[in-house]
1. What do you get for chymotrypsin sites (Phe, Trp or Tyr not before Pro) in segment 39-122 restricted to DSSP loop and a cutoff of at most 10 other Cβ within 10 Å of the site's Cβ?
2. Principal axis lengths of the chain from Cα atoms, whole Å, largest first?
3. Express in nm, to one decimal, how much length is gained between Glu91 and Ala32 on full extension, taking 0.36 nm for each residue of separation and deducting their alpha carbon distance.
4. Please list, short to long, the whole-number percent of alpha-carbon pairs of segment 81-143 in consecutive 5 angstrom bins beginning at zero.
5. 222 nm [θ] for the chain, helices only, -39500 (n - 2.57) per DSSP H run of 4+, per residue, to 500?
6. Between segment 95-116 and segment 21-66, what's the alpha-carbon centroid distance in Å?
7. Please compute the length gained on full extension between Glu39 and Val71, using 0.36 nm multiplied by the number of residues separating them and subtracting their Cα-Cα distance.
8. Can you report the principal axis dimensions of segment 5-67 using only the alpha carbons, biggest first, rounded to whole angstrom?
Amino acid sequence: MPARGEESENAEEEGIQFKLLTNPVRILANEAGWVRAMECQRMELGEPDASGRRRPIAVAGSEFELPVDIVVIAVGNGANPLVASTTNDLETNKWGYVVADEKTGQTSRPGVFAGGDIVTGAATVILAMGAGKRAAAAIHQYLK
Ligand SMILES: Cc1cc2nc3c(=O)[nH]c(=O)nc-3n(C[C@H](O)[C@H](O)[C@H](O)COP(=O)(O)OP(=O)(O)OC[C@H]3O[C@@H](n4cnc5c(N)ncnc54)[C@H](O)[C@@H]3O)c2cc1C
């Protein structure tokens, strides 16, 4: 769980319970199709891999059900596939991110500008702010 120490502490202060060495296996639904539980499996740390980090290994027969009523998958970052499938003439790359001119943010669709994570993939606030400023200037020129 890569995180700054203070982030872990803040999360615990807000009531988050970390289930360390626990791997979600599948989401279980009730008869109506609503989520009711998560099947999890206990893990243990094995030998270090090439990077020196000890790899988690599943403990056979350790599966258990964790009752839940909402599941939020909060790992990773990706483009909403609807962006590419619902917007005509908006060019996206193989990861679904919007293709935009680096200097202006202009996309393949006239009058549509983009910047930030939806162009670069997961990046930083400062890069998104820079893209926003450049796009604002380009939009100004475009409208004039
Ligand atoms: C857990 C986490 C920690 C991070 N920590 C840092 C950090 O410490 N420092 C750092 O620099 N960066 C950090 N980042 C990255 C940073 O948050 C992003 O790079 C930045 O927010 C990108 O800005 P953005 O404006 O491109 O996109 P976003 O901030 O994602 O803004 C996009 C907005 O569009 C809205 N939206 C989406 N679809 C629609 C729609 N159809 N209609 C209307 N609105 C829509 C979304 O709700 C969202 O508000 C972190 C990211 C995550 C997930």
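1. Here the sparse-neighbourhood loop sites are Trp95.
2. Ordered largest first, the chain gives principal extents of 66, 43, 34 Å.
3. Gain on extension, Glu91 to Ala32, equals 17.3 nm.
4. P(r) for segment 81-143, in whole percents per bin: 4, 20, 29, 24, 17, 6, 0.
5. Taken over the chain, the calculation gives -7500 deg cm²/dmol.
6. About 39 Å separates the Cα centre of segment 95-116 from the one of segment 21-66.
7. 10.3 nm
8. 46, 33, 16
FYI, it's all coordinate maths here, none of it is from the lab. Fair warning: this is a prediction, and the values are worked out from it, not measured in the lab. Cβ coordinates were reconstructed from backbone atoms using ideal geometry, including for glycine residues, and neighbour counts include every protein chain displayed.
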